[in-house]
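What follows is a set of notes on a single structure, which appears directly below.
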Amino acid sequence: MMESTHILLVEDEPFLAKVIKDSLEQRSYQVSLVGDGRNAFRLFGQELFSLCIVDVMLPQLDGFTLVKQIRTLNSQVPVLFLTARVADKDVIEGYSSGGNDYLKKPFSLDELFLRVNELLRRNINPVPAAETTLPIGQYQFVPHTQMLLFPNQKNIRLSHRETQLLQLLYGHRNQVLARKQVLLMLWGDDTIYNARTMDVFITKLRKHLRADRSVEIVNLRGVGYKLIC
């Protein structure tokens, strides 16, 4: 099982990240290491992972928010949180955001391996992210193939950026998604130029979704967007 097991490790402490990565690779796991939440979410949308190990205190996008976004793409991939935050409310938030287990720092590598093995054992037959389909009204959104499907109509192939943007909107569906958050996650900054570019992509998505009148992307001026579905 290990040879085909791909683990996403999201940890911004260089020394700890290297120790964990090297130790897992010595046990024949394939490990992709990312140091911030935003790039971790991008990578998760591009590759298939058997397990995610996520630090809570991350730059760009904290671990709790990252896992909430991951859950919009895949509801079954096991997630193990690593954190020095030990308050009960933090543990509760970790599980509420979609985590499966919670390992408090400092920890031994032996304990980490036990948790990893147990999570993988429970999830021997996971549903691949490529098969994840998200309902948006009458549409079926397939992020991994970048397709938007509608009954009795030609399928729409989305661009990579359209797919990323729709994933974020879906993850906050029926809630307000702040403009600045989207700009920082997808474009890296919130300059006026990038803001105008994002507005263009929002317009494109509205056109793609216009066949179902129950679906709407609402613009809350100066605040953000809300996907209603």
task: Go through region 131-201 and name the trypsin sites (Lys or Arg not before Pro) that are in a DSSP coil and have 10 or fewer other Cβ atoms within 10 Å of their Cβ.
output: 154
- request: Would you mind working out the accessible area per residue for region 75-229, using a 1.4 Å probe, and quoting it in Å²?
  value: 54 Å²
Accessible surface of the chain [probe 1.4 Å, protein heavy atoms]: carbon and sulfur percent: 50 percent
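Relative contact order for the chain: what is it in percent, counting Cα pairs under 8 Å that are at least 6 residues apart?
14 percent
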statement: Scalar couplings 3J(HN,Hα) for region 158-172 by Karplus 6.51 cos²θ - 1.76 cosθ + 1.60 (θ = phi - 60°), nearest whole Hz, x for Gly and Pro, are 8, 6, 4, 5, 4, 5, 4, 5, 5, 4, 5, 4, 5, x, 10
query: Across region 99-113, in residue order, what do the Karplus-derived ³J(HN,Hα) couplings come to in whole Hz, using 6.51 cos²θ - 1.76 cosθ + 1.60 with θ = phi - 60° and x for Gly and Pro?
result: x, 9, 8, 9, 10, 8, 7, x, 9, 8, 5, 4, 5, 4, 5
- prompt: By a straight-distance test (C-alpha under 26 Å), which lysines pair with residue 104 as possible cross-link partners, with residues fewer than eight away in the same chain excluded?
  reply: 18, 21, 68, 89
statement: Applied in sequence order to region 134-140, the curve 6.51 cos²θ - 1.76 cosθ + 1.60 (Karplus, θ = phi - 60°) yields integer Hz couplings, x standing for Gly and Pro, of 10, x, 10, x, 7, 7, 10
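The values are calculated or read from the model by the stated rules, or taken from the named source; none is laboratory data. Quick caveat: nothing in here was measured; it's all calculated off a predicted structure. Note that each Cβ is placed from the backbone with ideal geometry, even for glycine, and that neighbours are counted across all protein chains shown. The protein model used for the area step is the full one, side chains on, heavy atoms only, and it has no ligands, DNA or RNA in it. Shrake-Rupley method; radii C 1.70, N 1.55, O 1.52, S 1.80 Å.
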